[in-house]
Amino acid sequence: MTRALFIVDVQNDFTEGGALAVAGGDAVAAGVSAYLAAHAGDYDVIVASRDWHDPDSDNGGHIALGGEPDFVDTWPVHCVAGTPGAEYDPLLQAGAVTHHVRKGQGVPAYSLFEGTADDGRTAAEILAEHGVTEADVTGIATDHCVRASALDAIAHGIHVRVLTDLVAGVAPEPSEAALAELAHAGAELAVSA
């Protein structure tokens, strides 16, 4: 069995002080770093995703440039390519990451599977190339991109474990609903310790 670790969108714009800050985002960044320090060797593949939106564009209607965002389908400007907001949170030590995936380049994208690595390969291609059958999922936000990434992994036949102490959501109720949905879809909910 080949194992992967997903680190979903642990970026400045999604952690405290960012354009779409999630409470607990910095704690997730620090927690994932501590987990990597102890467990990076347990994984054959470590994939980190980042929103990487085109500047001066609504990115397929994802970013509300001309009006108020609805926080469902449209969002404030965030994670613009090449800006500090799009970079990894400084508390995330990304040295063990084997593959960096950028998503949302001109289009709405929530799942890590919607992104591509610098060489143009998709996350699905990278995982298939390595024969990944199991994935542990961490990151931000539980109720959006973590949820979408985990559901896509399940759809690709991967056994998913969501490390619930290494995720943070926008709000408690939708985050709990997302975890329940993932469990119903076959994901295991676990803690990293």
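Things worth noting here:
- For the chain, accessible area per residue (1.4 Å probe, heavy atoms of protein chains only), Å²: 42
- Under 13 Å, Cβ to Cβ, from ASP44 - net charge with Lys/Arg +1 and Asp/Glu -1: -3
- Inter-label distance for HIS39 and ASP54, nm, one decimal - labels placed 7 Å from Cα along Cα-to-Cβ: 3.8
- Inter-part distance where region 86-108 and region 146-179 are each reduced to a Cα centre, Å: 18
- Neighbourhood charge, 12 Å Cβ-Cβ cut-off, centred on GLU16 and excluding it, Lys, Arg +1 and Asp, Glu -1: -3
- Summing Lys and Arg as +1 and Asp and Glu as -1 over all other residues whose Cβ lies under 13 Å from the Cβ of GLU129 gives a net charge of -2.
- With all protein chains in place and a 1.4 Å probe, the accessible surface of region 108-190 carries 54 percent carbon and sulfur.
- Note, ³J(HN,Hα) from phi for region 89-102, Karplus 6.51, -1.76, 1.60, rounded to Hz, x at Gly and Pro: 4, x, 7, 8, 8, 9, x, 8, 5, 8, 9, 9, 10, 10
- Over the chain: helical MRE at 222 nm, DSSP H runs n ≥ 4 each giving -39500 (n - 2.57), nearest 500: -7000 deg cm²/dmol
- Taking semi-axes √(5λ) of the Cα gyration tensor in Å as calculated from this structure, the corresponding entry among (i) 27, 20, 16; (ii) 24, 18, 17; (iii) 49, 22, 14 is (ii).
The values are calculated or read from the model by the stated rules, or taken from the named source; none is laboratory data. Keep in mind the model is a prediction, meaning the values are calculated, not measured. Glycine also receives a Cβ, built like all others from the backbone with ideal geometry; neighbour counts cover every protein chain displayed. Ligands, DNA and RNA are stripped out before the accessible areas are found, and what is left, the full protein with its side chains, is counted by its heavy atoms. Shrake-Rupley method; radii C 1.70, N 1.55, O 1.52, S 1.80 Å.
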